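Novice: Sharing a structure here in structure tokens format.
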Amino acid sequence: MFEPQTLTILGATGSIGLNTLAVATQHPERFQLYAVTAHSNVTAMEQICRQHKPRIAVMADQQAAADLKVRIADTSVQVLSGQQALADVAAAADMTMAAIVGAAGLMPTMAAVTAGKRVLLANKEALVMSGQLFMNAVVEHGAILLPIDSEHNAIFQCLPVAAQLALGEQSLASAGISKIILTGSGGPFRELPVAELAHQSPQAACAHPNWSMGQKISVDSATMLNKGLEYIEARWLFNCQQDELDVLLHPQSIIHSMVRYTDGSVLAQMGEPDMRTPIAYGLSYPDRIVSGVNALDFEQVGALTFCKPDPARYPCLQLAQDACWQGQWATTSLNAANEIAVAAFLNHRIQFTAIADVCADVVGRIEAQELNSFDAILSVDHQARHYAEEIVEKYAVC
Ligand code: NAD
Ligand code: MG
């Protein structure tokens, strides 16, 4: 028998974090919870600490850490706070689930990468912001990168083992692959008249028909910028050329993505739309473990349908696909602009359709440039956020 692997969960109070806890704790002989982290939700963190007894709990926010310390003084959990503590716990465990939302996850995730650990990547924004630098660091430090985003996890499962082991390095053509096909449901507004999009509320945008997720990714799914970020994520993870990557709408969310081979075969991974499946796969790879997800019932599923996304309905998808091939500066600034725009939409400051306007304006204002260091990336991220805040004012409804 093997020793249990230690596990850190970055973003433990979120949707992916809680699903990771739900899977890992079914297998105490395999996984031992080392650390959990969160931004500021003390109540959720207290509950996790009492129920799962990690060695360390980190709150990014200092006041939240002080509050948590008082609340769980009767336990043996050590409470830490701040950016350095996030990086330290990410680097210390055998495996780290990177499930912080947004750019805030970049440096803690990189700490796990540079420590050469097994990194379960849910935080797609980290890869969108830093693409080549991120993938280079994985190789340089011998980290094992496992995609958790359901589409990328599906693609990974459909790759030949040699390509899995040389993730991001091998050319797809040399593996006999002609196309990576990312599927997406089209979100809650797939059938709404385009003229009504502007008036949709945050609540409606967050009501995804198939998946239950955090607020930011739910809005990204409604604009399909989520699929755009995933397109960029796939480019780096699988070393795709522009003509090797496609997006297809598949409203039932049963096929999670596909790989087309040169011999005419298409391999697809299917399952219930439930993140516990890719999480379990990432935790146990190359083994398979019970995740708690129900078996797929094909009679219940019925028909599987597919169509092209409509560019008039989803301008954010095109913006991301263009940025992907423009350069790192474009995807870094698009990601930053989107985070500001989505927050403004969730706070009722701008309309749903203004998210795309803000993103396009910001990318248009950032100068094309080479980004060869994490400092350069963070500087463009910062500048893009500043522009986005200004541009949000232009589109503000009140
Ligand atoms: P969420 O909003 O539910 O949770 C986010 C977590 O990050 C929370 O624990 C929060 O405390 C933490 N966090 C937020 N801001 C932080 C900060 N500044 N510093 C430190 N911690 C911070 O988000 P989620 O839906 O779980 O998504 C997490 C990541 O996984 C995102 O990048 C998302 O795109 C990706 N993802 C999510 C799903 C899903 O089904 N939810 C699917 C695929 C990919
Ligand atoms: Mg996804």
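The values are calculated or read from the model by the stated rules, or taken from the named source; none is laboratory data. Since this is a predicted model, take the numbers as computed values, not measurements. Heads up, the Cβs are rebuilt from the backbone with ideal geometry, glycines too, and the neighbour counts pull from every protein chain shown. Keep in mind that these areas ignore ligands, DNA and RNA; they rest on the heavy atoms of the full protein, side chains included. Shrake-Rupley method; radii C 1.70, N 1.55, O 1.52, S 1.80 Å.
Conditions tested, residue by residue: (1) under 20 Å from Asn153 (Cβ atoms); (2) touching an Asp or Glu at 6+ places or on another chain (Cβ under 6 Å); (3) not hydrophobic (A, V, I, L, M, F, W, C).
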position	(1), (2), (3)
Glu196	no, no, yes
Pro202	no, no, yes
His208	yes, no, yes
Phe238	yes, no, no
Leu245	yes, no, no
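Novice: Quick check: anything in the range 51-59 without any contact (Cβ under 8 Å) to a residue 40 or more places away in the chain, out of contact with any strand residue (DSSP E or B) (no Cβ under 9 Å at 6 or more places or on another chain), closer than 24 Å to Gly214 by Cα and of a type in the set (A, V, I, L, M)?
Specialist: no
Novice: Might you check whether a residue that is of a type in the set (Val, Ile, Thr), under 22 Å from Arg385 (Cβ atoms) and within 16 Å of ligand 2 (Cβ to nearest atom) occurs anywhere in the range 117-138?
Specialist: Looking through the range 117-138, at least one residue is of a type in the set (Val, Ile, Thr), under 22 Å from Arg385 (Cβ atoms) and within 16 Å of ligand 2 (Cβ to nearest atom).
Novice: Let me ask another. Given the structure, is Asp88 free of Cβ contacts under 8 Å to residues at least 24 places away in the same chain, more than 30 Å from Ala207 (Cβ to Cβ) and of a type in the set (D, E, K, R)?
Specialist: yes
Novice: What number of residues within the range 118-137 are in contact with a strand residue (DSSP E or B) (Cβ under 6 Å, 6 or more places away or on another chain) and more than 11 Å from ligand 1 (Cβ to nearest atom)?
Specialist: Adding up the residues that qualify gives 2.
Novice: Scan the range 205-239 residue by residue and report those that are within 17 Å of Gln252 (Cα to Cα) and more than 10 Å from ligand 1 (Cβ to nearest atom).
Specialist: Once the filter is applied, which keeps residues that are within 17 Å of Gln252 (Cα to Cα) and more than 10 Å from ligand 1 (Cβ to nearest atom), the range 205-239 yields Ala207, Pro209, Asn210, Ala222, Met224, Lys227.
Novice: Those residues that are assigned to a strand (DSSP E or B) and within 16 Å of ligand 2 (Cβ to nearest atom), I need them from the range 176-232; list them, please.
Specialist: Within the range 176-232, Ile180, Ile181, Leu182, Thr183, Gly184 qualify.
Novice: Okay, moving on. May I ask you to verify whether Gln157 is surrounded by fewer than 18 Cβ atoms within 10 Å (Cβ to Cβ) and not β-branched (Val, Ile, Thr)?
Specialist: Spelling it out, it is not the case that Gln157 is surrounded by fewer than 18 Cβ atoms within 10 Å (Cβ to Cβ) and not β-branched (Val, Ile, Thr).
Novice: Would you be able to tell me the number of residues in the range 139-175 that are assigned to a helix (DSSP H, G or I), away from ligand 2 (no atom under 16 Å from the Cβ) and either among the polar types (S, T, N, Q) or touching a His at 6+ places or on another chain (Cβ under 6 Å) (or both)? So that I can check it myself, show each step before the final result.
Specialist: Taking the range 139-175 first, the residues assigned to a helix (DSSP H, G or I) are 139-141, 150-157, 161-165, 173-175.
Keeping just the survivors that are away from ligand 2 (no atom under 16 Å from the Cβ) gives 139-141, 161-165, 173-175.
Now drop any that are not either among the polar types (S, T, N, Q) or touching a His at 6+ places or on another chain (Cβ under 6 Å) (or both), which leaves 164, 174.
Adding up the residues that qualify gives 2.
Novice: Within the range 1-105, considering only helices (runs of 4 or more DSSP H) that don't extend past its boundaries, which have at least 1 residues that are under 20 Å from Gly282 (Cβ atoms) and away from ligand 1 (no atom under 16 Å from the Cβ)?
Specialist: Numbers: elements: 15-24, 42-52, 62-71, 83-92.
Per the criteria, 83-92.
Novice: Here's another thing I want to ask about it. Residues in the range 21-33: is at least one closer than 21 Å to Glu125 by Cα, aliphatic (A, V, I, L, M) and at pLDDT 95 or above? Give the steps one after another, and end with the answer.
Specialist: From the range 21-33, those closer than 21 Å to Glu125 by Cα are none; that's our starting set.
No, because not a single residue in the range 21-33 is closer than 21 Å to Glu125 by Cα, aliphatic (A, V, I, L, M) and at pLDDT 95 or above.
Novice: When you scan the range 319-335, do you find a residue that is touching a helix residue (DSSP H, G or I) at 6+ places or on another chain (Cβ under 9 Å), modelled with pLDDT of 95 or more and farther than 28 Å from Ala137 by Cβ, even just one?
Specialist: The answer is no; no qualifying residue exists.
Novice: Sticking with this structure for a sec: Using the structure shown, decide if Ala90 is closer than 22 Å to Ala343 by Cα and touching a helix residue (DSSP H, G or I) at 6+ places or on another chain (Cβ under 6 Å).
Specialist: In short, no.
Novice: Filter the range 168-191 for residues that are within 16 Å of ligand 1 (Cβ to nearest atom) and free of Cβ contacts under 8 Å to residues at least 60 places away in the same chain; which is nearest to Glu233 (Cα to Cα)?
Specialist: Gly187
Residue by residue, here is whether (1) among the polar types (S, T, N, Q); (2) within 16 Å of ligand 2 (Cβ to nearest atom); (3) touching a Gly at 6+ places or on another chain (Cβ under 9 Å); (4) open to solvent by less than 40 Å² (accessible area, probe 1.4 Å) holds:
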{"position": "Ile16", "(1), (2), (3), (4)": "no, yes, yes, yes"}
{"position": "Ala24", "(1), (2), (3), (4)": "no, no, no, yes"}
{"position": "Glu29", "(1), (2), (3), (4)": "no, no, no, no"}
{"position": "Leu33", "(1), (2), (3), (4)": "no, no, no, yes"}
{"position": "Thr37", "(1), (2), (3), (4)": "yes, no, yes, yes"}
{"position": "Thr43", "(1), (2), (3), (4)": "yes, no, no, no"}
{"position": "Arg50", "(1), (2), (3), (4)": "no, no, no, no"}
{"position": "Pro54", "(1), (2), (3), (4)": "no, no, no, yes"}
{"position": "Ala65", "(1), (2), (3), (4)": "no, no, yes, yes"}
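Novice: Then there is this: Take the range 67-122 and flag every residue that is under 17 Å from Leu33 (Cβ atoms), open to solvent by less than 50 Å² (accessible area, probe 1.4 Å) and among the polar types (S, T, N, Q).
Specialist: Thr75, Thr96, listed by residue number.
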